[in-house]
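The values are calculated or read from the model by the stated rules, or taken from the named source; none is laboratory data. All values derive from a computational prediction rather than experimental measurement. Ideal geometry is used to build each Cβ from the backbone, glycine not excepted, and the neighbour counts take in all protein chains shown. Quick note on the areas: whole protein, heavy atoms, side chains included, nothing else; ligands and nucleic acids left out. Shrake-Rupley method; radii C 1.70, N 1.55, O 1.52, S 1.80 Å.
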Amino acid sequence: MEFFTIKEMVQVELVEKKSKFIANLFPIESIKEAEDRMKQIKKKYHDARHNCIAYRVQEGGKIFEKSSDDGEPSGTAGAPMLTILQKNNLANVAVVVTRYFGGILLGTGGLVRAYSDSLLKAIENSSKIKKCEGVEILITMKYGDFDNFKYYCKNNNIFITNVEYSELISCKIELEDEKKEKLLKDFETKAIILKDIEEITKKYITKSI
């Protein structure tokens, strides 16, 4: 399974017939984080009439989804925003669109457009990251082999996430499943010189686009 997420939080504003819509779109890693972050945003905009939400998050290999209209007419806010996240294959993201009522009713169609346009504008302004199934691996090597290994990782779009220096160099790397097989083969045939390779965990990793 592959999906897109975003690098960092994005906030945009939209005004429709004097109602102000503030969209906060942000990355998350769990349902708990989504709920906690949304509570913080709702607290910040506690004086607003509506704080409508939607999120999609990957946990345990499944996508969990939630949306809420927060007092708006049913189906005019949360559901359209969730549909947009689905159509854009976005996960590990949450959105809160806050509405300050401007005194003019928008009607159901107007509400759907306003909430949808707020989220679409936030997505357009975000930096997207592609995620795919992969693995985190611990590598150990001699100091003299580190430069060659960094070059190997760069050429194969393997991400070095952590480096520790002691008697040997220890690196944590993230790579796609299919690239793991190539790494193991290159290790066995000594195409790259390493002391040891140890798989740490399966995880969703950033995929080069």
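Between a residue in segment 84-99 that is closer than 12 Å to Ala122 by Cα and free of Cβ contacts under 8 Å to residues at least 60 places away in the same chain and any residue that is open to solvent by 10 Å² or more (accessible area, probe 1.4 Å) and not hydroxyl-bearing (Ser, Thr, Tyr), which pairs come within a Cβ distance under 7 Å, given they are 6 or more apart or on different chains?
Correct list of pairs: Ile84/Leu120; Leu85/Arg56.
Residue-wise test of (1) at negative phi; (2) touching a Phe, Trp or Tyr at 6+ places or on another chain (Cβ under 7 Å); (3) of a type outside the set (Phe, Trp, Tyr).
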| site | (1), (2), (3) |
| --- | --- |
| Phe4 | yes, no, no |
| Lys17 | no, no, yes |
| Pro27 | yes, no, yes |
| Ile31 | yes, yes, yes |
| Met38 | yes, no, yes |
| Phe64 | yes, no, no |
| Ser74 | yes, no, yes |
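Looking at (1) touching a residue at least 40 places away in the same chain (Cβ under 8 Å); (2) within 25 Å of Tyr204 (Cα to Cα); (3) part of a strand (DSSP E or B), find the lone condition where Ile123 falls short.
Failed condition: (3).
Taking Ile160 and the conditions (1) surrounded by 14 or more Cβ atoms within 10 Å (Cβ to Cβ); (2) modelled with pLDDT of 95 or more; (3) not small (Gly, Ala, Ser), which numbered condition does it fall short on, given that it satisfies the others?
For Ile160, the failing item is (2).
State whether the residues of segment 44-51 include one that is in contact (Cβ under 8 Å) with a residue 24 or more places away in the chain, in contact with a His (Cβ under 8 Å, 6 or more places away or on another chain) and either within 22 Å of Ile6 (Cα to Cα) or surrounded by 15 or more Cβ atoms within 10 Å (Cβ to Cβ) (or both).
Checked segment 44-51: no residue is in contact (Cβ under 8 Å) with a residue 24 or more places away in the chain, in contact with a His (Cβ under 8 Å, 6 or more places away or on another chain) and either within 22 Å of Ile6 (Cα to Cα) or surrounded by 15 or more Cβ atoms within 10 Å (Cβ to Cβ) (or both).
Would you confirm whether or not segment 142-149 contains a residue that is within 30 Å of Lys62 (Cβ to Cβ) and open to solvent by 30 Å² or more (accessible area, probe 1.4 Å)? If you could, list the steps in order and put the result at the bottom.
Of all residues in segment 142-149, those within 30 Å of Lys62 (Cβ to Cβ) come to none.
Within segment 142-149, not a single residue is within 30 Å of Lys62 (Cβ to Cβ) and open to solvent by 30 Å² or more (accessible area, probe 1.4 Å).
Can you name every residue in segment 163-177 that is surrounded by 11 or more Cβ atoms within 10 Å (Cβ to Cβ) and either of a type outside the set (A, V, I, L, M) or assigned to a helix (DSSP H, G or I) (or both)?
Correct list: Glu164, Ser170, Cys171, Lys172, Glu174, Glu176, Asp177.
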